[in-house]
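Have a look at the structure below, then the notes.
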Amino acid sequence: MDQIHKFLNIVFPILSFFLFIFILPGLSLYRLLRFCITSLFPENLAGKVIIITGASAGIGEHLAYEYAKHGARLALVARREEALVVVAGKAKEMGSPEVIVIKADVSKVEDCKRFVDETINHFGGLDCLVNNAGVGTLGLFEDQQCIADHTSVMDVNFWGSVNATHFALPHLRKNKGRIVVIGSCGAWFNTPQVSIYNASKAAQQSFFETLRIEVAPDIGVTIVTPGLIDTQLATDQFIQKTKLNVMPLVSVEGCAKAIVNSVRRGDEYLTEPQWMRTIFLWVMLLSELMNVARRVFAKEGKSRLQNQESRSNDLVQPPILKRD
C-alpha cells in the first residue's frame, strides 16, 4: 500500500502538470463563453421571493435595494427591526412590489425556522435564500481573556447560515431555487487579529461547497467571497489591526450589484473585487512566502497591541464587529 502512494507522489504531480496545460485553455474558453451567454440572458428576478439575513445594514441592506430594482419580493431579516423598516421602505420605492420585515436572530435555531415559515406563509414559496448576517471579533487570539466570547461568531457566521438553509431547503427545492452565501476572502486569505472570524468563514465555505454537491441540480449555490468592503465591519481599527491599510475599499453599492448580477448568471463563485482571485493563486502556489508575510504582520500587530495595553488596562473583551 505504501509503495502505491510513493509511486503516486511522484507520478501524479507530473501528470497533473501536463493535464493542466491541456485542460486549462479549454476550460477557460468554456468559462468565457458561459459568462457571455449568461450575461446576455440572465435570470429574471421579477416576482421572485428572496430572504436576506442581516438586511438592516451593509451588504445585506444594499442587496435588498438591488433585488428591489429587479422587482423581487423580499423578506428582510435582522435583529434591528427599526432599521429593517427603513430599508424596507427604500426597497419599495426602488421597485419591490412587496417587502416584509422579520425581526430574528440567526444564531437561534427557533428564529431561523420562524423567519422561513413566516416567509412561506406570506408569499407561498421561496426562490432564494441569502445568508448574509455576520459578526466578528478583533484581537490576537493569545491575548483574549475568555475564549467563550468567540462562540457568537461561529453561532452567527456558520450555524446561522446552516440552520437557515436547513429550514429553507424543502421550499427552495420545489422552486429550483438558489442559496447565496456571503462569505469572506478571509476564508483563504488569513490576516492577523481575526482568527475566529476567518475560521468561521472557512467552515461556512466548506459546508456550502459540500452542500452544493448534495442538492444539485435542484438547488444552485453561489458562494461570494468579498474582500475589503466599505461597511460597518471595515472600521479604521479593523483595517489597521489586520494590516489591510494598502488595500482599497470596495463600495458596498458596487459589491451588492456585482453579487446580484452573479446570481442572475447562475455563478457558483464570485470574488469581489475580482482581482482578489489572483491572491488566491499566491496563497496556493506561494504559501511559504505568504506565511512569512503573515508572521511579520502578526508580530507587528502584537507589539502595537502591547504598547496600547501598557498605556491602558481597559482592553478586557475583544471588540465586536457587526454586519447586520
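Tell me which residues, restricted to the range 171-219, are of a type in the set (Ser, Thr, Tyr) and either part of a helix (DSSP H, G or I) or over 18 Å from residue 154 (Cβ atoms) (or both).
191, 195, 197, 200, 206, 210
Looking for something touching a helix residue (DSSP H, G or I) at 6+ places or on another chain (Cβ under 8 Å), charged (D, E, K, R) and at negative phi - is there at least one such residue anywhere in the range 5-13?
No, the conditions are met nowhere in the range 5-13.
Tell me, please, whether a residue that is open to solvent by less than 20 Å² (accessible area, probe 1.4 Å) and small (Gly, Ala, Ser) can be found in the range 22-41.
no
Take the residues in the range 111-156 that are open to solvent by 50 Å² or more (accessible area, probe 1.4 Å) and among the hydrophobic types (A, V, I, L, M, F, W, C), then tell me which one is nearest to residue 207 (Cα to Cα).
Of everything passing the filter in the range 111-156, 154 is nearest to residue 207 (Cα to Cα).
Go through the residues of the range 180-189 one by one and say whether even a single one is touching a His at 6+ places or on another chain (Cβ under 7 Å), among the aliphatic types (A, V, I, L, M) and modelled with pLDDT of 95 or more.
No, every residue in the range 180-189 fails to be touching a His at 6+ places or on another chain (Cβ under 7 Å), among the aliphatic types (A, V, I, L, M) and modelled with pLDDT of 95 or more.
Would it be correct to say that residue 80 is open to solvent by 80 Å² or more (accessible area, probe 1.4 Å) and among the basic types (Lys, Arg)?
yes
With respect to residue 168, is the statement that it is closer than 17 Å to residue 111 by Cα, part of a helix (DSSP H, G or I) and of a type in the set (A, V, I, L, M, F, W, C) true?
yes
Among the listed residues 6, 103, 90, 108, identify the single one that is under 30 Å from residue 154 (Cβ atoms), open to solvent by 70 Å² or more (accessible area, probe 1.4 Å), more than 20 Å from the chain's Cα centre (by Cα) and not β-branched (Val, Ile, Thr).
Answer to the check: 103.
The values are calculated or read from the model by the stated rules, or taken from the named source; none is laboratory data. Note that the coordinates shown come from a computational prediction; the quantities given were computed from them, not determined experimentally. In this analysis, Cβ positions are derived from the backbone assuming ideal geometry, glycine residues included, and neighbour counts consider all displayed protein chains. Just so you know, the surface numbers come from the protein's heavy atoms only, side chains and all, with ligands and any DNA or RNA stripped out. Shrake-Rupley method; radii C 1.70, N 1.55, O 1.52, S 1.80 Å.
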